[in-house]
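Notes to accompany the following structure.
The values are calculated or read from the model by the stated rules, or taken from the named source; none is laboratory data. Nothing here was measured: the structure is a model prediction, and the numbers come from that model. Cβ placement follows ideal geometry from the backbone for every residue including glycine, while neighbour counts extend to all protein chains displayed.
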Amino acid sequence: MAQLSPPTPDDGAPLPSSPLTVVVVSGNPRPGSRTLAAAATVGARITALLGAGRGSGHGTQPITLETIDLASFASEVLTDHHPAADRATAALAAATVAVVATPVYKASYTGLLKAFLDLYGPDGLAGVVVVPLVVSGNPAHALAGEVHLRPVLIELGAVVPTRALSLTESQLGDVDGAITTWLGREWKALRRAVGLPDAAPSHPASPDAGPALRDAGPTHRATLQTAVTA
């Protein structure tokens, strides 16, 4: 898949008509975790907004939404032979936009996510627009995404145009509200990073934004994960 080179924030370049891919990665070592579920929701919201924002003038290729649960192949990440991890690293490196999520572990991100990201060489995520997402049990860890996860993503060459999305476990029961608030602040920066023009759907973060949010056009969903459990 051709990799998009993100435009400068103010150039207003139209989004190419080539296929777009949104990839969600969960670094929670527990399969089907709430971290995975929250990240998948963020990915779906971003996919919908990308579809609405590019409009009819930018082609009709489907937007692919792919979900990667690292827990489903955690046992092979540190081995010499890791075909599932290789497929996942390739999918993430080819993404247009990615959501990289982790629960807070010892005030940072998980060892599983670190081991996965260590599989990349220098600039392994060059040009990928990434949203860091952290889930914590304590609001005091709200900056873990900014302090720990953002720097490693940037070191790998990713474009991180927004502040990290930080969720507490108490917010996971109604995660849509927290995501809507975050999108209200950060969607403009994210939109520009992927080349969408400044003319965006009205109130793009609102769950009641109408067809612009609900009818995102053709979307293909793929998974490299175990099923999400309640």
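Values computed for the structure shown
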| item | result |
| --- | --- |
| Flag if residue 101 is touching a residue at least 60 places away in the same chain (Cβ under 8 Å) and of a type in the set (Gly, Ala, Ser) | yes |
| Qualifying positions in the stretch 115-134 - in a helix (DSSP H, G or I) and under 14 Å from residue 164 (Cβ atoms) | none |
| Exclusive hit being closer than 20 Å to residue 69 by Cα and touching an Asp or Glu at 6+ places or on another chain (Cβ under 7 Å), set 88, 84, 94, 115 | 84 |
| Residue, farthest from residue 48 (Cα to Cα), within the stretch 78-97, restricted to residues that are surrounded by fewer than 21 Cβ atoms within 10 Å (Cβ to Cβ) and in contact (Cβ under 8 Å) with a residue 60 or more places away in the chain | 84 |
| Filtered residue count, the stretch 128-141, keeping only those that are surrounded by fewer than 16 Cβ atoms within 10 Å (Cβ to Cβ) and in contact (Cβ under 8 Å) with a residue 24 or more places away in the chain | 3 |
| Subset of the stretch 37-69 [assigned to a helix (DSSP H, G or I), in contact with a helix residue (DSSP H, G or I) (Cβ under 8 Å, 6 or more places away or on another chain) and either at pLDDT 90 or above or charged (D, E, K, R) (or both)] | 37, 38, 41, 42, 45, 46, 48, 49 |
| Among the candidates 115, 107, residue that is in contact with a helix residue (DSSP H, G or I) (Cβ under 7 Å, 6 or more places away or on another chain), surrounded by fewer than 17 Cβ atoms within 10 Å (Cβ to Cβ), at pLDDT 95 or above and farther than 25 Å from residue 20 by Cα | 115 |
| All positions within the stretch 125-184 that are modelled with pLDDT of 90 or more and of a type in the set (Gly, Ala, Ser) | 126, 127, 157, 158, 164, 166, 177, 178, 184 |
| The stretch 153-185 - residue that is farther than 23 Å from residue 48 by Cβ and in contact (Cβ under 8 Å) with a residue 40 or more places away in the chain and, of those, surrounded by the most Cβ atoms within 10 Å (Cβ to Cβ) | 153 |
| Residue in the stretch 104-114 that is in a loop (DSSP other than H, G, I, E, B), in contact (Cβ under 8 Å) with a residue 60 or more places away in the chain and more than 23 Å from residue 179 (Cβ to Cβ) present | no |
| Subset of the stretch 187-206 [modelled with pLDDT under 50 and among the aromatic types (Phe, Trp, Tyr)] | none |
